[in-house]
Amino acid sequence: MSSTIERSYNEAKELYARHGIDVDQALEQLAQIKISMHCWQGDDVRGFLFRDQDLTGGISVTGNYPGAARTPDELRSDLERALSLIPGKHKVNLHAIYADTDEKVDLDELKPWHFEKWVQWAKEQGLGLDFNPTLFSHEKSSDGFTLSHPNADIRQFWIDHCKASRRISAYFGEQLGQACVTNVWIPDGFKDVPVDRLSPRRRLKESLDEIFAEELNPAYHLDAVESKLFGLGSEAYVVGSHEFYMGYGLQNNKLICLDAGHFHPTEVISNKLSSLSLFAEGILLHVSRPMRWDSDHVVVLDDELLEIGRELVRGDLLAKTHIGLDFFDASINRVAAWVIGTRNTIKALLRALLEPIEVLKQAELSGDYTTRLALTEEFKSYPFGAVWDYYCEKQGVPVREQWLAEVKAYEQDVLLKRGG
């Protein structure tokens, strides 16, 4: 341990202790929080089952930075590099199209063994896995409809895919000893104003009912459903709206996924957490940065990310909230994108853990809003950075921007040697 880092940490501890904050305890709590890092940042959402299929479902990736992963082994190598620069032990979030198999298989035929290499890798790395059925970039989703499709055969294909995905998820959880969260998102919707808004939503509800009919052990598998306000190609109407999925999730005890970019541009998910926590079985977060709505920029330590962290900590919501990332940027080094976004998410949680929450709550309850505002503002300049540096060094990862040199070296040694 660097003497400078340790000295700064001890000085910071003394300052925080004056307000009753146990910094050591905060770091212990932080080390238990798992962030689910999304695999699709590493290869621009291409996957390995249908590499030549164009992206559909309103998904678009900007940029052509060299070194995108082309194989499962390359992607796992990139994930390992990123995770080695991030403090803590976390999870990796897979989409169904990332199956690692030489077998020619369609989405409705996927089995746990098509992901066995991922499971063995996760065991070796001490990681958990999360999962998503892939309901886009497929010939059967080319008209923009999947689980709400008016064609019963196409609808059944997607139902069967989601059923298969849940069984894969349960296998992940059983093998890795921690629950796998499997999230259902669909691109279904109309570009222009529909006449019948009800029938597609009725079909979606019926499809979900069939998908979730098989009971799976919640110790190994958890279901989540994800809404969207609108998408490219579905600007006028999205079948799986927030109201639809909130109602479905509450009625059927499913996790409700809040994606930071899936709401009106003036809405934020931080303000939804407290209300939803009172009624929902649990919450799944897709932390992103919607610069212009759902643009999926790399997460930075902005006001909304800090507010998400505060809401989770102040409301004691960490136990019922699963935190995942969802962004994809091909204009910068993809490994760096993971590192920046994940480290920032952890920083936001640490900032929240280092607040005098009980003092602030008591001031608010007593009507002393002056103290509430004064302390909230003063703590913004408390020596959080000294605590963060200590945590990184204690966890055996680079302190501050030192990680960037390792990513640059990996780029020269590995990424730039990959073909197109």
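The values are calculated or read from the model by the stated rules, or taken from the named source; none is laboratory data. Just so you know, these numbers come straight off a predicted model, no measurement behind them. Heads up, the Cβs are rebuilt from the backbone with ideal geometry, glycines too, and the neighbour counts pull from every protein chain shown.
Numerical summary
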quantity: Pairs, first under 20 Å from Asp52 (Cβ atoms) in the range 95-119, second surrounded by 17 or more Cβ atoms within 10 Å (Cβ to Cβ) and among the acidic types (Asp, Glu), C-beta under 8 Å, six or more apart; calculated: Asp108/Asp160; His114/Asp100
quantity: Residue, nearest to Leu255 (Cα to Cα), within the range 186-225, restricted to residues that are charged (D, E, K, R), without any contact (Cβ under 8 Å) to a residue 12 or more places away in the chain and not in a helix (DSSP H, G or I); calculated: Glu215
quantity: Checking Asn217 against (1) touching a strand residue (DSSP E or B) at 6+ places or on another chain (Cβ under 9 Å); (2) over 19 Å from His95 (Cα atoms), the condition it does not meet; calculated: (1)
quantity: Residues that are aliphatic (A, V, I, L, M) and surrounded by fewer than 23 Cβ atoms within 10 Å (Cβ to Cβ), drawn from the range 326-335; calculated: Ala330, Ile332
quantity: Unique match (being surrounded by 15 or more Cβ atoms within 10 Å (Cβ to Cβ), in a helix (DSSP H, G or I) and either among the charged types (D, E, K, R) or not assigned by TED's automatic domain parsing to the domain that holds Arg372 (or both)) among Asp44, Asp78, Asp24; calculated: Asp78
quantity: Test: residue in the range 94-117 that is closer than 30 Å to Leu27 by Cα and either outside any strand (DSSP E or B) or outside the structural domain of Ile168 (by TED's automatic domain parsing) (or both); calculated: no
quantity: Residue in the range 120-140 that is assigned to a loop (DSSP other than H, G, I, E, B), modelled with pLDDT under 95 and in contact with a Gly (Cβ under 8 Å, 6 or more places away or on another chain) present; calculated: yes
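The rows are residues; the columns are (1) in a helix (DSSP H, G or I); (2) more than 30 Å from Tyr65 (Cβ to Cβ); (3) outside the structural domain of Leu312 (by TED's automatic domain parsing).
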position	(1), (2), (3)
Ile346	yes, no, no
Gly367	no, yes, yes
Thr371	yes, yes, yes
Ala374	yes, yes, yes
Lys380	yes, yes, yes
Ala386	yes, yes, yes
Gly396	no, no, yes
Val399	no, no, yes
Lys408	yes, no, yes
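Residues are listed down the side, and each one gets a yes or a no for (1) modelled with pLDDT of 95 or more; (2) aromatic (Phe, Trp, Tyr); (3) in contact with a strand residue (DSSP E or B) (Cβ under 8 Å, 6 or more places away or on another chain); (4) surrounded by fewer than 17 Cβ atoms within 10 Å (Cβ to Cβ):
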residue	(1), (2), (3), (4)
Ser8	yes, no, no, no
Cys39	yes, no, yes, no
Phe50	no, yes, no, yes
Ile59	no, no, no, no
Pro87	yes, no, no, no
His95	yes, no, yes, no
Glu109	yes, no, no, yes
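This table checks each residue for (1) modelled with pLDDT of 95 or more; (2) closer than 23 Å to Leu305 by Cβ.
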site	(1), (2)
Ile346	yes, yes
Lys361	yes, yes
Gly367	yes, no
Thr371	yes, no
Leu375	yes, yes
Val397	yes, yes
Leu416	yes, no
Gly419	no, no
